[in-house]
Structures are given as C-alpha cells and as structure tokens.
Amino acid sequence: MHREDPQDKISRSFYEPELEFEVKKDLYQFLERQPESHEGDPDFDPLYDRLCHKIAEEVKQKQRKKVIKLIRYVLTRAAIFLLGILSYALVLHPYFYPKAATELTLIAPGNALSEAILPDGTKVFLNAKSSIRYYQDEKTKLREVFLTGEAWFDVHKDKVHPFVVNTSGYKIRVHGTRFNVRAFPGDQEITTTLQHGSVEILPRDEKQELSSVILKPGQKFVFSPVTGKGVVSTVQAGFASLWKEKEIRFENKSFKDLLEMLEGRYNVRFVVMNKELFNYHYDGTIRDENLTTVLDILNQTLPFSYHMQADGSIQIKK
C-alpha cells in the first residue's frame, strides 16, 4: 500500500483540519523512534523551512488567482460601463451637440432652367435668371429658402422642421405641398400659386402691415410691393408652373393666359395695347423654341404685332 509522504500530509492539514490529529500522532511516533542523543534535540529546521516554503508558495498561488479574478471582474465591468457611456453619448449627441447648419446656393443661368433636390428631400425647379439660398439650422428647427426670381417647389413633409420661403415682399410657410412663387426684382407683382396642400402667407417682418392669409389649392396670392397690399384669386394652378415643362400643349387657351405663361417661361413682361386681343384663343404646342420663334409662330395665327422696348418689355398691339 502506498504511504503518503508526511510532508504532503502536513501541508494538507493547513486546509483540512480533520488531518491535524493524524499529523500530531505521526509526529509523536516519529519522535519515539529517534535514538537518544547527547547532542540535544533533533534538528527540525530543514523540515520546517521546506514546510513554510511550500505553504508560502501555495498562499501566493491562491492570492495570485484572486488578484487575476478581481482584475478580470473590474475590466469586465469597466468595459460594460464604457460601452454604456458610448451608447448613451451616441443617442444624446444630437441633443447636446446639434448638427451643423446646412447651407447651399442654387443658381439658374440666364438662358436655362435648373432642377435640384435639396438636402431635406424637397424638389425644386428654378426658372432662368433665378436663384435660391437654402438654410437649415437645428437650433431654429427651420428649413428656410431665400428666393430671387421664380421657383416651383415640391416640399418634403417634416412636421418638426417647417419650410419657409422668403421673398422680397412676404414669407410663405408650408408643411409639405406643391406651389409656384414668382418674385423677380423689379416686378410689379410677387405671386404665389398653390397646386396642392396648404400654405400661409406671412408678413416679411414685424413692421410690415400685412395680414396672414392661408391659401387653398387653386388659389393665387398677388402682392404689390408699391401698395403693400395682397389679393387672393382662384386660378388654374397648374398653369402657373408650365414654364418648367419641356413641351406645352394648348387647347383653346386664351391669348391672355398664353402671354402669362410666356412671361414666366422666358422671364419677360408683355404690355398689351389692345385689350380685345385677350378674346382670342390659341391651339398649339410650344417646345424648346426661343421667344422670338414662338412669337413669330403665334403671329401667323393671331392678328397682332410685337415690338421690343428699351426697358426689356415687349409691346403687343393689333
């Protein structure tokens, strides 16, 4: 039968108290077997030193395991805490650190139309010699457009960020709709024609004496910069934005409506000397021809003549 090493049993007795009695018994038996000596008591120092060394090593191992376990626990909790902080920061970042303001400018050249999609998803057509400046700021929650010339808008709906168009005469507040705005510098009128949705006409600033007006589809707001007054009328809404179409077909359209469309398409102003011309109607198609070509074609069918004036307007008479 294998006999356990006394030293191992002594080491185990530090962690297994039930072995203490056996160890003491073995030690007494060991002492009884030792012959008497005049040199003094037996020297137990080597055994004691080895025993202390082994116990110290085992204690160190246990302490090392505890330290490693503690470090792993702390690192794990620290990683979870750091991940939580990062997630929290990502979620709240837009509130504590708002996005930078978005700003851009679009310009249509003098002889062409331009089409664009704004950063918020709004679709815009710009007439020739027109420009817009788009500005969105998270602080004000507004999407603002500053218009010079003529533009057609299909506004992307966003209840949190209202869409506002600024003209030289008034403001237009919308929430998702399609409408046309004509506001060329020097024009006698600034007009807004609503095709779909709802828009509100507002004064340009607190000093302006202009009552707010809510337009319905098919209505047109005409503002006079000279008088500071505005008038609402019912019109064919789609007609105001025909200028952006590549091909326009007319079926029994009045000469007055035709001239109004040409004014928008070519950014000109007609002065009609004989009002009876408005009683004429026209059937036809206008494509990408220049204005002179269009007037020459109309002149072959309708009894009128035209003359270019020094101020850039076109005089129409019989």
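Computed from the coordinates by the stated procedures, all read-outs in this text should not be read as laboratory data. Predicted, not measured: the structure shown is a model, and the values here were computed from it. With ideal geometry, Cβ positions are generated from the backbone for all residues, glycine too; neighbour counts draw on all protein chains shown.
Placing unit charges on the Cβ atoms of the charged side chains and taking the dipole of segment 173-315 about its Cα centre, the candidate lying farthest along the positive direction among Thr193, Ile214, Val271 is Ile214.
You can think of it this way: the chain between Thr102 and Thr140 has 12.5 nm of extra reach, that is 0.36 nm per residue less the Cα-Cα gap.
When the C-alpha to C-alpha distance is required to be over 28 Å, the pairs from Lys141/Lys246; Lys157/Lys216; Lys141/Lys244; Lys229/Lys317 that qualify are Lys141/Lys246; Lys141/Lys244; Lys229/Lys317.
Roughly how big is segment 168-277's charge dipole about its Cα centre, with Cβ charges of +1 (Lys, Arg) and -1 (Asp, Glu), in debye to the nearest 20?
Values: 17 positive and 13 negative charges, 34 e Å.
The calculation lands at about 160 debye.
Glu276 sits among other residues whose Cβ lies under 15 Å from its own Cβ, and their net charge, with Lys and Arg +1 and Asp and Glu -1, is +4. Each label point was placed 7 Å from the Cα along the Cα-to-Cβ direction; for Ser313 and Lys216 their separation is 3.5 nm. Put a dot 7 Å past the Cα of Thr285, heading toward its Cβ, do the same for Lys207, and the two dots end up 5.3 nm apart. Restricting segment 220-304 to GluC sites (Glu not before Pro) that sit in a DSSP loop and have at most 16 other Cβ atoms within 10 Å of their own Cβ leaves Glu245, Glu247, Glu289.
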